[in-house]
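Participant: I am attaching a structure below and will ask some questions about it afterwards.
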Amino acid sequence: MSTATTESVREYFADMINGVVTTLKGMWITSKYVWGVTPVSIEYPEVREVLPERSRMRLFNDVQNCISCTQCAMACPVDCIYIASEKMPEGSEIKKTSNGQPIRLLLTQFVIDTALCCYCGLCTTVCPTECLTHSHDYEFSQYTIDGMKYDYLAPDVIAWRDRIVKT
Ligand code: SF4
Ligand code: SF4
């Protein structure tokens, strides 16, 4: 056998061994990710993450404890809270919030356009009765942008209370 042919055969087998070794190395690295790593994905929606305590998701105003002070609207950097109120009817009983503050005004509108909200949390921080909170409810996608505008005096939104407010 000539020297050139011997060299070619040697290179052939060297390449073959190199191919087998690099394939095994690749499979070893892949196997570490297949069997050696704790899964990070979950089977949503059957399984749901428990969010950190201070997560800021959908806003909820428990309107029965709102005193119409408008501090939340004044603190909001994007002006997406719309509040209206009027004087209580003559002779009506002055109710109190759950933290003992008198409710002197009748709340007639409390709307938040959450499509504009940047979830900064300032409105909840200034609320003196703590009725305005960031819930842990993150499933509120809508088909239209107007659907993101929530009227907190509407019965369907008031009904969120059972799910959101922890008593
Ligand atoms: S969390 Fe949203 S609604 Fe509240 S102050 Fe920030 S931007 Fe305004
Ligand atoms: S700050 Fe609180 S109590 Fe005052 S208007 Fe806003 S939600 Fe109501």
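The values are calculated or read from the model by the stated rules, or taken from the named source; none is laboratory data. Computed from a prediction, not measured in an experiment: that's the story for all the values here. Backbone-built Cβ (ideal geometry, glycine too); neighbour counts: all protein chains shown.
Participant: Could you list, in sequence order, all residues of the stretch 83-127 that are exposed (fewer than 15 other Cβ atoms within 10 Å of the Cβ), small (Gly, Ala, Ser) and not in a loop (DSSP other than H, G, I, E, B)?
Facilitator: If the condition is that a residue be exposed (fewer than 15 other Cβ atoms within 10 Å of the Cβ), small (Gly, Ala, Ser) and not in a loop (DSSP other than H, G, I, E, B), then ALA84 is the only one that fits.
Participant: With the structure loaded, tell me whether VAL63 is of a type in the set (A, V, I, L, M, F, W, C) and within 16 Å of ligand 2 (Cβ to nearest atom) or whether it fails that test.
Facilitator: yes
Participant: Looking only at the stretch 139-153, how many residues end up being of a type in the set (Phe, Trp, Tyr) and exposed (fewer than 13 other Cβ atoms within 10 Å of the Cβ)?
Facilitator: 1
Participant: Just to be sure before I move on: is CYS69 under 24 Å from PRO52 (Cα atoms) and modelled with pLDDT of 95 or more in the structure I sent?
Facilitator: In short, no.
Participant: Just need a number here: residues in the stretch 41-65 that are assigned to a loop (DSSP other than H, G, I, E, B) and more than 14 Å from ligand 1 (Cβ to nearest atom).
Facilitator: Total satisfying the criteria: 14.
Participant: Another question, then. Restricting attention to the stretch 54-102, which residues are out of contact with any Phe, Trp or Tyr (no Cβ under 7 Å at 6 or more places or on another chain), among the charged types (D, E, K, R) and under 17 Å from VAL157 (Cα atoms)?
Facilitator: Residue satisfying the conditions is ASP62 alone.
Participant: Hey, GLU130 hits all of (1) within 12 Å of ligand 2 (Cβ to nearest atom); (2) surrounded by 15 or more Cβ atoms within 10 Å (Cβ to Cβ); (3) in a loop (DSSP other than H, G, I, E, B) but one; which does it fall short on?
Facilitator: If we test GLU130 against (1) within 12 Å of ligand 2 (Cβ to nearest atom); (2) surrounded by 15 or more Cβ atoms within 10 Å (Cβ to Cβ); (3) in a loop (DSSP other than H, G, I, E, B), just (2) comes out false.
Participant: Hey, another quick one. Inspect the stretch 133-141 for any residue being more than 16 Å from ligand 1 (Cβ to nearest atom) and over 16 Å from ILE164 (Cβ atoms) and give the result as yes or no.
Facilitator: yes
Participant: Name the pairs: first residue in the stretch 140-167 and farther than 16 Å from ILE81 by Cα and in a loop (DSSP other than H, G, I, E, B), second residue among the acidic types (Asp, Glu) and modelled with pLDDT of 90 or more, Cβ to Cβ under 6 Å, at least 6 apart or on different chains?
Facilitator: Between residues of the stretch 140-167 that are farther than 16 Å from ILE81 by Cα and in a loop (DSSP other than H, G, I, E, B) and residues that are among the acidic types (Asp, Glu) and modelled with pLDDT of 90 or more, the close pairs are VAL165/ASP62.
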